[in-house]
Amino acid sequence: MAPPDTVLDELFDKNLAWANAKNEKDPTFFRRLAEQQAPRFLWVGCSDSRVPANDVVGLDPGELFVHRNIANVVHSSDMNLLAVLEFAVEVLRVRHVIVCGHYGCGGVKRAVENAEGRLGEGHTLVDHWLAPVVDLCIRHRAAIDRTAAPATPLDKLCELNVSLQMRRLAATPVLKTAWARGLDVTVHGWIYGIGDGLLRDLGTTLSSSEELAALPPLDDLLATPHEPMSAARLHAVAAFLEMELADMGAIAPFGSACTCGAWDNGPFGAEREEME
Ligand code: CO
């Protein structure tokens with residue numbers, strides 16, 4: 001028998017403290033969860049330890065069905081992902097599937113190194129896994145290099161990878177069949193900033209095979225820059241528009257509609273400065 005490991009003991013202690021805190025707040029929490037799970041969302045994200053799915057969207061156990069892998073890649077032959085997707089859509093009846101990448105993704109960085117021939121003899125299984133992302137880097141390199149600052153080429157690739165994986169997810173037999181049967185399920189593309197803790201919406205959703213077929217080529221996304229929207233920015237824009245309308249005497253004074261606090265006291269100075 002292995003000697004006791006105090007590092008692992010810490011995990012059990014933290015677990016006990018967490019379960020106790022949950023029980024204190026809501027004595028029926030675990031009993032209810034044991035009876036059934038009814039998550040409304042499926043999260044397809046990166047395995048990166050800095051992007052814990054439930055935490056970044058503030059959801060409790062039972063509220064988010066999760067699949068994670070390196071660089072949030074969708075392989076059409078990945079039985080793990082396909083089974084998770086099918087169960088989420090057909091049994092749990094989630095209506096929102098969120099493909100969430102993140103800036104500074106190590107998987108995307110690795111794919112760039114591979115695309116640029118910088119791996120030498122050091123190819124591993126991870127590189128095999130990342131093949132679609134390597135292909136993405138090679139195909140769209142020229143368009144990515146033309147994108148304007150402040151987004152770095154790696155940032156743009158992380159965003160473009162989400163757009164690609166959304167399309168690949170929407171093309172799986174699971175979603176095609178669900179949509180053909182009239183199920184209401186939408187695929188969303190988000191990206192998370194590990195440097196500021198904020199999620200951003202890339203602005204594309206897919207709710208049918210027709211919408212997938214009508215999407216512009218990925219290079220067009222790069223040619224027509226779209227700034228990913230965080231909640232802080234959305235609220236700031238809403239407040240700004242309200243201020244303009246208030247100036248015209250049309251509605252109540254600025255500030256009454258935006259209640260998130262981001263404008264006044266959040267860690268979003270840069271976004272506020274831009275709006276001001
Ligand atoms: Co990553």
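Every number here is computed from the coordinates shown, using simple stated rules; none is lab data. What you are looking at is a predicted structure, and each value in this text was computed from that prediction instead of being measured. Glycine also receives a Cβ, built like all others from the backbone with ideal geometry; neighbour counts cover every protein chain displayed.
Things worth noting here:
- Trypsin sites (Lys or Arg not before Pro) within region 8-102: DSSP coil, no more than 15 neighbouring Cβ in 10 Å: Arg40, Arg50, Arg93, Arg95
- Projecting the Cα positions of Pro228, Ala2, Ser49 onto the charge dipole of the chain (unit charges on Cβ atoms of Lys, Arg, Asp and Glu, taken about the Cα centre) puts Ala2 furthest along the positive direction.
- Among the GluC sites (Glu not before Pro) within region 95-137, those in coil by DSSP and having at most 16 neighbouring Cβ atoms inside 10 Å are Glu116, Glu121.
- Of the trypsin sites (Lys or Arg not before Pro) in region 155-188, those whose Cβ has at most 12 other Cβ within 10 Å and which sit in DSSP loop: Arg181
- Remark on Arg68: its backbone amide H falls under 5 Å from those of Gly45, a criterion applied only to residues 5 or more positions apart or on other chains, H modelled at 1.01 Å from N.
- Prolate/oblate/rounded call for the chain, Cα gyration tensor, a/c under 1.5 rounded: rounded
- Within the listed set Val57, Val94, Val73, the Gaussian network model of the chain (springs between alpha-carbon atoms below 10 Å) gives the highest mean-square fluctuation for Val57.
- When you restrict to C-alpha pairs under 8 Å that are six or more residues apart and normalise by the size of region 51-152, the relative contact order lands at 24 percent.
- Amide proton proximity set for Ile98, modelled H, under 5 Å, gap of 5+: Leu42, Trp43, Val44, His188
- For the chain, built as a Gaussian network whose Cα springs stay under 10 Å, the top-fluctuating residue of Gly122, Gly106, Gly195: Gly122
- 20 Å Cα-Cα reach of Lys176 towards aspartates and glutamates, excluding residues that sit fewer than 8 places from it in its own chain: Asp78, Glu86, Glu90, Asp184, Glu210, Glu211
- Assuming charge only on the beta carbon of Lys and Arg (+1) and of Asp and Glu (-1), the dipole of the chain about its Cα centre is about 760 debye to the nearest 20.
- Positive-end residue, the chain charge dipole about Cα centroid, Cβ charges, pick of His102, Leu81, Leu160: Leu81
- Hz values of 3J(HN,Hα) by residue in region 127-138 - Karplus curve (6.51, -1.76, 1.60), Gly and Pro given as x: 5, 5, 4, 8, 3, x, 6, 4, 4, 4, 4, 5
- Evaluated with a Cβ-only charge set (Lys, Arg +1; Asp, Glu -1), region 64-208 carries a dipole of roughly 280 debye about its Cα centre, given to the nearest 20.
- Remark: region 184-193, residue by residue, has Karplus-estimated 3J(HN,Hα) of 8, 9, 10, 9, 10, x, 10, 9, 10, x Hz, where x stands for each Gly or Pro and the curve is 6.51 cos²θ - 1.76 cosθ + 1.60 at θ = phi - 60°.
- Length-normalised contact order of the chain in % [C-alpha pairs under 8 Å, at least 6 apart]: 15 percent
- For region 46-59, Karplus couplings with θ = phi - 60° (6.51, -1.76, 1.60), whole Hz, Gly/Pro x: 7, 6, 3, 5, 8, 10, x, 3, 4, 5, 6, 10, x, 9
- Of all DSSP beta bridges confined to the chain, the antiparallel ones make up roughly 30%.
- Listed residues His102, His235, His123, most fluctuating in the chain (Gaussian network, C-alpha, under 10 Å): His123
- Residue-count net charge about Leu119 - beta-carbon cut-off 10 Å; Lys, Arg +1, Asp, Glu -1: -2
- Where both bridge residues fall in region 72-223, DSSP classifies roughly 40% of the beta bridges as antiparallel.
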